[in-house]
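Just so it is clear, none of the values below were taken in a lab; they were calculated from the coordinates. Bear in mind that the values here come from a model prediction, so they are computed numbers and not experimental data. With ideal geometry, Cβ positions are generated from the backbone for all residues, glycine too; neighbour counts draw on all protein chains shown.
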Amino acid sequence: MSTSDNLKEAFAGESQANRKYLAFAKKADEEGYFQVARLFRAAAAAETVHAHNHLTVMNGIGSTEENLKVAIAGEVEEFKKMYPAFIKESKEEDNEAATWSFDVANRVEEIHALLYENALETLGKNVETIYYVCNFCGNTVEKVAPDLCPICGAPKKEFKKLD
């Protein structure tokens, strides 16, 4: 493998560790292990630093316009190719939980592509909006959270406002 390949693998690993440690922190909080949760969040933050360092070295961060185009391409790839293949296979294996997880992610990735396209179209116009994310399926909406999530049916209270 080359250094370039190693950077890509390290970036992926650090990114995954960040997400995993945040999930572990949430579970530790639920179980009342607040100090352990704090440790998991600290390690997750460190993994983010590592991932950002690797991405920077790979020249993976461009201008905002370039980054939006990369994000659009990634989301489109996911909802048009990756997730449909995953959904097909999980159905063939009769894995309902995986099918659900892939399906909601697939539907939300299409929404993300549209949101990024809108941001690209309005780049530089300082159009301000508020975003809300469903805690169950990741559905991302602008301006106002719906009474029920159109993807998974979660109630409005499950949407988190993001800054």
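Data for the structure
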{"item": "The chain, helix-only ellipticity at 222 nm - DSSP H runs n ≥ 4, -39,500 (n - 2.57), divided by all residues, nearest 500", "result": "-21500 deg cm²/dmol"}
{"item": "Interchain or long-range residues, amide H under 5 Å from Asn139's placed H", "result": "Cys134"}
{"item": "Rounded Å value of the spacing that divides the Cα centres of the stretch 77-91 and the stretch 99-149", "result": "19 Å"}
{"item": "Of Lys27/Lys156; Lys88/Lys161; Lys26/Lys160; Lys26/Lys156; Lys27/Lys157, pairs whose Cα-Cα distance is over 25 Å", "result": "Lys88/Lys161"}
{"item": "Candidate lysines - alpha carbon under 23 Å from Lys91, same-chain residues fewer than 8 apart omitted", "result": "Lys80, Lys81"}
{"item": "Sorted peptide list for 32-42, 124-134, criterion being average Cβ within 10 angstrom, highest first", "result": "32-42, 124-134"}
{"item": "For Ala145, distant residues with modelled amide H under 5 Å away", "result": "none"}
{"item": "For the chain, built as a Gaussian network whose Cα springs stay under 10 Å, the top-fluctuating residue of Asn118, Asn106, Asn95", "result": "Asn95"}
